[in-house]
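What follows is a short report on a single structure.
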Amino acid sequence: VSFWDVDRRREFGRNTLLSHPSAMAFSPDGARYAVKNTAGAIVVCDLPHGEVVSRYIPEVAEEGCDPVFSADGRYIVDGTWSGRLSVRRTEDLAIEDVEVLPDAMVVAISASADGSLWAIGLNSKSDEPD
């Protein structure tokens, strides 16, 4: 993962803590970032130096959607293609809440700027039409 200062048009850091990064998100205050890889591992780091704050490595690969920070930056929400939607504490990535949607794949998560509205994109895993 490469970090760029757009105003100065230069790279200011790199992070190679996870192989095969597939999704990233900045915290609302820009002080931290989260990286998720194709196996579902998540690392949260401070900026600008990239020191690891927390790390989650799944026992079994859990590919899924991008992580999203809550509006206050205290939580990260992520989902898996096996239908698990998790709310994790940013400080240690421990699960605070989890919802399992057995017939769905969580393929996208989005939140409004103030965090009052969330949209969860789901794909059906069944062969039957919705």
Checklist entry - Would you pick out the residues in segment 66-94 that are among the β-branched types (Val, Ile, Thr) and either at pLDDT 95 or above or in a loop (DSSP other than H, G, I, E, B) (or both)? => result VAL68, ILE76, VAL77, VAL87, THR90
Next on the checklist: Against the definition (under 18 Å from ALA41 (Cα atoms), small (Gly, Ala, Ser) and in contact (Cβ under 8 Å) with a residue 24 or more places away in the chain), how does ALA94 come out, yes or no?
Outcome noted: no
Checklist outcome for this item: Taking segment 66-83 and the residues there that are farther than 15 Å from LYS36 by Cα and among the charged types (D, E, K, R), the one that is least open to solvent (accessible area, probe 1.4 Å) would be ASP72
Checklist outcome for this item: For ALA34, the lone unmet condition from (1) open to solvent by 70 Å² or more (accessible area, probe 1.4 Å); (2) under 22 Å from ASN15 (Cβ atoms); (3) of a type outside the set (Asp, Glu); (4) not in a loop (DSSP other than H, G, I, E, B) is (1)
Checklist entry - Would segment 50-64 turn up any residue that is under 18 Å from SER2 (Cα atoms), touching a Gly at 6+ places or on another chain (Cβ under 6 Å), modelled with pLDDT under 95 and part of a loop (DSSP other than H, G, I, E, B)? => result yes
Next on the checklist: Name the single residue that is modelled with the lowest pLDDT among those in segment 3-31 being open to solvent by 50 Å² or more (accessible area, probe 1.4 Å) and hydroxyl-bearing (Ser, Thr, Tyr).
Outcome noted: THR16
Next on the checklist: Checking GLU63 against (1) open to solvent by 20 Å² or more (accessible area, probe 1.4 Å); (2) closer than 15 Å to ILE95 by Cα; (3) under 12 Å from the mean Cα position of the chain (by Cα): exactly one of these is not met. Which one?
Outcome noted: (2)
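The values are calculated or read from the model by the stated rules, or taken from the named source; none is laboratory data. Given the structure is predicted, the values throughout are model-derived calculations rather than measurements. Cβ sites come from the backbone with ideal geometry, for glycine too, and all protein chains shown count toward neighbours. Each accessible area value is taken on the protein alone, full model and side chains, heavy atoms only, with ligands, DNA and RNA left out. Shrake-Rupley method; radii C 1.70, N 1.55, O 1.52, S 1.80 Å.
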